[in-house]
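Quick notes on the structure that follows.
The values are calculated or read from the model by the stated rules, or taken from the named source; none is laboratory data. In this text the structure is predicted, and so the values were computed from the model without any measurement. Cβ atoms come from the backbone with ideal geometry, glycine included; neighbour counts cover every protein chain shown. For accessibility, only protein heavy atoms count, side chains too; no ligands or nucleic acids. Shrake-Rupley method; radii C 1.70, N 1.55, O 1.52, S 1.80 Å.
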Amino acid sequence: MGKNIVVIGTHWGDEGKGKFVDILTDKAAAVVRFQGGHNAGHTLVVDGKKTILHLVPSGILHAHVECLIGNGVVLSIPDFFKEIEQLEKSGVDVRERLLVSPGCPVILPHHIFLDMAREKVRGNRKIGTTGRGIGPAYEDKVARRGLRVGDLFNPEYFVSTLEDNIDYHNFVLKEYFHTDPVSLQQSLDASLAFADQLHPMVGDVVEKLGFLCSSNANIVFEGAQGSLLDIDQGTYPYVTSSNTTAGAISSGCGVGPRYLDYILGITKAYTTRVGSGPFPTELFDRVGSHLARVGDEFGSTTGRSRRCGWFDAAALKRVIQINSISGLCITKLDVLDGLETVSICREYQTGTNREDLPIYDKIPGWQASTVGARKLSDLPTEARDYLKLIENACGVPIDYVSTGPKREDTIEVSNPF
Ligand code: IMP
């Protein structure tokens, strides 16, 4: 029987999902993206070479794997081709293995202009978006005026709808935001100009998934961003514009919930967040700086520095419920090496301004290096105690521990396949 495994980020993204999608893909026939866009940044290190993917599913470095992009993904076509060309330059054969749904909304220049203009106007209440037009593209989809990949092959309809959309959005850009409008040509250059190149990669992702499921193939579903950035379940309004949790798979690529066998939650050994919004366990002290420096906590999409804090098990418990997480993967354990003590937030207390105040469990840290450890027994006792503390607080088993960016720097406790 084939198995379908979901990889989901448990907090605010950047948990290290790319590495685990890549590892799990060893045993899979296909990897599927079902939401988000090129706001995602998935870093893979294979044979010492670093690859950052934004849109192409993280299974692409395995030659036998098909990479599917479901209708829930918003597609910036120029960025998609930039990524394809970069992969091709490094010798990876891509086009034949990519299948893009005709239902993907197309990100257009006015989406990017609107994203930036809105953030500017919000001032210090800004969301801290990636500035890639993600939110406005999803808005157009929900408003039922958006253009989708399939529309590129009906140029007459595409151009006339685009003209209407540009008229509407330029009015807002000029009259409300007092900023530059977009031109039709600029929009066509970023969309219709790629139609012929894109055409061979466009096809029915739903049908393909149906075929794979009925032929007992293993499939990996690759979440982007993190559960607390989910538009409905996250820290609204400081969220992204898609549903990032496991429930989004069915609507985002067309596989019913009963086909999902295992939900693997990827969680960092501490917590980080890029952009604005609540972060109860955030640290502003020496430990916070240690995590940022040793963990190299800079966004792989925007290069912004990430905010860092202690492990938030209180939030994780809720995230486990929302996603029905089956097992956890703890990444970047080695970043905690050398700390005198380590803490996890077990629960919150409500503060005077109704804010969440973390209550911590604190235990001794470890001084020995865990970098590159491949077995649980290679870890210092205190590091194992830390993992036990997380497991006990969350009630879900740890399947993997990651001790470095390379594929091999991994402890496999249990393989979900
Ligand atoms: P947007 O997705 O560009 O609209 O940004 C909304 C929020 O989600 C901002 O706080 C971003 O920093 C955050 N965000 C979006 N994509 C990612 C990601 O892949 N990793 C981490 N944060 C992200």
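Dimensions of the stretch 335-406 along the principal axes, based on C-alpha atoms and rounded to the nearest Å, stand at 45, 26, 22, largest first. Helix 155-171 sits at what angle to the longest principal axis of the chain, using alpha carbons and giving 0 to 90 degrees rounded to 10? Computed tilt is about 70 degrees.
Cα centroids of the stretch 12-48 and the stretch 76-90: 16 Å apart.
Too long at a 27 Å Cα-Cα cut-off: which of Lys82/Lys317; Lys126/Lys362; Lys27/Lys208; Lys19/Lys126; Lys126/Lys332? Pairs exceeding 27 Å: Lys82/Lys317; Lys126/Lys362; Lys19/Lys126; Lys126/Lys332. Each of Gln186, Pro280, Val7 was placed along the dipole of the chain (beta-carbon charges, centred on the mean Cα), and the one lying farthest toward the positive end is Pro280. Charges were assigned to the Cβ only: +1 to each Lys and Arg, -1 to each Asp and Glu. The resulting dipole of the stretch 347-417 about its Cα centre is roughly 180 debye. In the stretch 294-374 the Cα-Cα distances spread across 10 Å bins starting at 0 as 14, 35, 40, 11, 1 percent of all pairs.
For Tyr360, the accessible surface of its heavy atoms amounts to roughly 80 Å² (probe 1.4 Å, protein chains only, rounded to the nearest 10).
One Cα centroid belongs to the stretch 149-203, the other to the stretch 332-374; the line between them spans 48 Å. Note on exposure: Phe279, Phe284 ranked by accessible area (1.4 Å probe, complete protein assembly) read Phe284, Phe279, with the most exposed listed first.
The accessible-area ordering, largest first, of the residues Glu66, Glu347, Glu175 stands as Glu175, Glu347, Glu66, per a 1.4 angstrom probe. Fraction of C-alpha pairs exceeding 15 angstrom in the stretch 122-167: 55 percent, rounded to a whole number. When you restrict to C-alpha pairs under 8 Å that are six or more residues apart and normalise by the size of the stretch 180-243, the relative contact order lands at 14 percent. For the stretch 303-390, with all protein chains present and a 1.4 Å probe, just round the carbon and sulfur fraction of the accessible area to a whole percent. In the stretch 303-390, the share of accessible area belonging to carbon and sulfur is 46 percent. For Phe113, the accessible area of its heavy atoms, probed at 1.4 Å with every protein chain present, is near 60 square angstrom.
Accessible surface calculations at 1.4 Å, restricted to protein heavy atoms, place the stretch 115-229 at 53 Å² per residue. Prolate is the label for the stretch 17-142, because a/c, from the alpha-carbon gyration tensor with a ≥ b ≥ c as root eigenvalues, is 1.5 or above and a/b exceeds b/c.
For the stretch 349-417, with the dipole built from +1 on Lys and Arg beta-carbon atoms and -1 on Asp and Glu ones, taken about the Cα centre, which of Gly365, Gly404, Gln349 lies farthest toward the positive end? The one lying farthest along the dipole's positive direction is Gly404. When the stretch 94-217 is described by a simple charge dipole with +1 on each Lys and Arg Cβ and -1 on each Asp and Glu Cβ, the residue from Gly135, Phe171, Gly123 located farthest towards its positive end is Gly123.
Working from Cα pairs under 8 Å separated by at least six residues, relative contact order for the chain is 20 percent. Take the convex hull of the alpha carbons in the chain; its mean projected area over all directions comes to 20.1 nm².
In percent, rounded to a whole number, the relative contact order of the stretch 191-331 is 23, using alpha-carbon pairs under 8 Å and six or more apart. Surface calculation, 1.4 Å probe, protein heavy atoms: Met116 sits at approximately 110 Å² accessible.
Placing +1 on the Cβ of every Lys and Arg and -1 on the Cβ of every Asp and Glu, with no other charges, gives the stretch 98-145 a dipole of roughly 180 debye about its Cα centre. This model, with +1 at the C-beta of Lys and Arg and -1 at the C-beta of Asp and Glu, gives the chain a dipole about its Cα centre of some 640 debye.
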